[in-house]
Each structure stands twice: as structure tokens, then as C-alpha cells.
Amino acid sequence: MDARSLKIKAAAEALTYVKDGMRLGIGTGSTAEEFVRLLATKVASGLKVVGVPTSERTAALCRELGVKLTTLEETPALDLTIDGADEIDPQLALIKGGGGALLREKIVAAASAKMVVIADESKLVSTLGAFPLPIEVNRFGRAATQLAIERAASNLHLSGPVTLRMTGTDAFVTDGGHLILDASFGRIPDTRALSDALHAIPGVVEHGIFLGLARVAILAGADGIRTLTTKTER
């Protein structure tokens, strides 16, 4: 089964969590886009939902397919967020931000009563960190912020290149107007300590470690769907 087919299977399973009248957070990335396409089919058949997109890209797809949108200003409390992930550990800690939308994704997830993550089974890892950690930073003082990140990582016995994300010859710019540094630290034994250390750096806007947000992970593989839940969800 190819990668897209697995994404569609995970997205279809996530759709069973969506009920009429829900206020949804709608994620960013290739797997989330498959969810939007399936959701749009249900909306066309009469399902009534409103969604808060986590990126301009997702917003454009929702508008194109007829999924009604709102904002967190208009709808500050959401029932459910469906989003993908770059890595998922057995406790449902995540690395997100490969698509560059991590700040909005984290804001939307935190505003939701529940977050369901959808992915193919290759995203499940024993320890986070093989995927480079995206760190969204302010443009002002970027070099100083990068140095502070490297020092904080070193204090936690983490090392590896921290590189500015590029699009061709230009720096990648997020929807919020920030830059992204991708930190290739490798295995991260203490995600909470790294999260706290990064949040303490003034130039860091947000980072891609998601802790305590996902309650369900739907993983699609050749043998079918596997669902992981947190203890509070069981």
C-alpha cells in the first residue's frame, strides 16, 4: 500500500470522531489535507461543522472544497482538532512543524477539548528526535537566538546542526512572519527539559515538541489501523 493510501485510511478513521455541529481545528500537511477532502465530502452530504485552519494553505483548500471556516477570535473554544505529525512516541508526545505551521498548530490544539493525530505507522518512534526539530524564531536577533538554542541544547547533552530553513535561495517565512530553525539533535531523551529550555529563550516564538496535547493517535499500516490513546482517554 502506498503512502497516500495509508494517509487516506488514517484520515477516514479520524472522520469517525467528527460529529454534527462540531467546531474543528484543521491541521496542515499532506495527511491533514486528505482529511479535509474526506470532510468536504461529508459536508456536501449535509454534515454541519465549522473549522479553524492552522495555515493559509489549509484555509485555501477548505474554501475550495466548501468547508465553512471560522477563527479563534470568533470561536475561541474548539471541540476537536485533527492534525498530522512528523513523529509520535508511545506516550503521544509529538514533533510537528515539518510544514512550517507549528505555531498555529499548537495554538489551535491547545484551544481544543481533544486532539486526534493521524499518520502512517512509520511516524511512530520509541524516542523523538530523528526528525529535525523545527523551532520558530523571531527575525530580529536570529543569529543570537540560534546561538542560545545551541547552548541550551549543549547543556542537555544534545548536539547537531541547527540550520535556517530555506525555500530555494530565500529563508522560509511562516504564516506569522517568522523564521524556522531546524535542529538535528537526534534522540531527545528528555523532551520536557528541552521544551522548557527553548521556551526560556526570548527569540524563540515556539517549537515543534507537542506535549500533553494529543489524546488519540490513528496510525495506518499495511495490516490496518492502530489506535493509541493516552491514559486519560482510555
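Size of the dipole of the chain about the Cα centre, Lys and Arg at +1 and Asp and Glu at -1 on the beta carbon, nothing else charged, in debye to 20?
Working: 26 positive and 27 negative charges, 74 e Å.
I would put it at about 360 debye.
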- If every Lys and Arg gets +1 and every Asp and Glu gets -1 at its Cβ, then about the Cα centre segment 65-147 yields a dipole, in debye to the nearest 20, of 280
- For segment 198-212, Karplus-derived ³J(HN,Hα) couplings (6.51, -1.76, 1.60; θ = phi - 60°; whole Hz; x for glycine and proline) come out as 5, 5, 7, 8, x, x, 7, 7, 6, 10, x, 7, 9, 10, x
- Item | Full-extension gain in nm, residue 230 to residue 1, via 0.36 nm per residue minus C-alpha separation | 79.6 nm
- Query: Which label belongs to the value computed from this structure, given these candidates for Rg and Dmax of the Cα atoms in Å: (i) 21.1, 72; (ii) 17.5, 55; (iii) 19.7, 62?
  - Reply: (ii)
- Residue-normalised value, i.e. accessible area per residue, for the chain at 1.4 Å probe, in Å², stands at 46
- segment 133-202, accessible surface, carbon-and-sulfur percent (1.4 angstrom probe): 53
- Ratio of the Cα radius of gyration of segment 133-202 to 2.2 N^0.38 Å, where N counts its residues: 1.08
- Is it possible to state the helix-based mean residue ellipticity at 222 nm for the chain, with each DSSP H run of 4+ residues giving -39500 (n - 2.57), the sum divided by total residues, to the nearest 500 deg cm²/dmol? What is it? -9000 deg cm²/dmol
- Modelled label-to-label distance, residue 193 and residue 164, 7 Å Cα→beta-carbon offset: nm? 3.1
- Calculate the length of the line joining the C-alpha centroid of segment 186-234 to that of segment 66-145, in whole Å. 9
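What percent does the relative contact order of the chain come to when contacts are Cα pairs within less than 8 Å and at least six residues apart? Please report the intermediate quantities before stating the final value.
Working: 496 pairs, mean separation 52.4, N = 234.
This gives 22 percent for the chain.
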- Note on the structure: For residue 48, the lysines lying under 18 Å Cα to Cα, once residues fewer than eight places off in the same chain are dropped, come out as 19, 68
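The values are calculated or read from the model by the stated rules, or taken from the named source; none is laboratory data. Just so we're clear, the structure is a prediction, and the values are computed from it rather than from any experiment. Positions of Cβ are backbone-derived with ideal geometry, glycine not excepted, and every protein chain shown enters the neighbour counts. Note: accessible area is taken over every heavy atom of the protein model, side chains too, but ligands, DNA and RNA are not part of it. Shrake-Rupley method; radii C 1.70, N 1.55, O 1.52, S 1.80 Å.
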